[in-house]
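Notes follow once the structure below has been shown.
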Amino acid sequence: MEIQMAVQKQRHFPEKRTFLRQRVEARLASLLMESKEYSEALSVLSGLIKEVRRLVDKLLLVDIYLIRVSSISL
């Protein structure tokens, strides 16, 4: 249920709200990890990492890397 809501929110953010969309995508990846959908979580994270690197949001980038490392180590 929570994953479906996160996916719906992800699709409804316009480009002007990239910060919010990126946070929702990071949360979506975290929820996918909790539900053991590792490959889908990694695909969300890989696109997000590229985008966040360009924007230089260090805190979000650290959060994303932590989620990614936890998915790889499992």
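The values are calculated or read from the model by the stated rules, or taken from the named source; none is laboratory data. Here the structure is a predicted model, which is why all the values come from computation and not from measurement. Positions of Cβ are generated from backbone atoms using ideal geometry, with glycine treated the same way; all protein chains shown enter the neighbour counts.
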For segment 19-38, does any single residue satisfy the condition of being surrounded by fewer than 12 Cβ atoms within 10 Å (Cβ to Cβ), in a helix (DSSP H, G or I) and of a type in the set (G, A, S)?
no
Residues of segment 46-63 being surrounded by 16 or more Cβ atoms within 10 Å (Cβ to Cβ) and farther than 15 Å from T18 by Cα, which ones?
D63
Is it true that A6 is in a helix (DSSP H, G or I), at pLDDT 85 or above and aliphatic (A, V, I, L, M)?
no
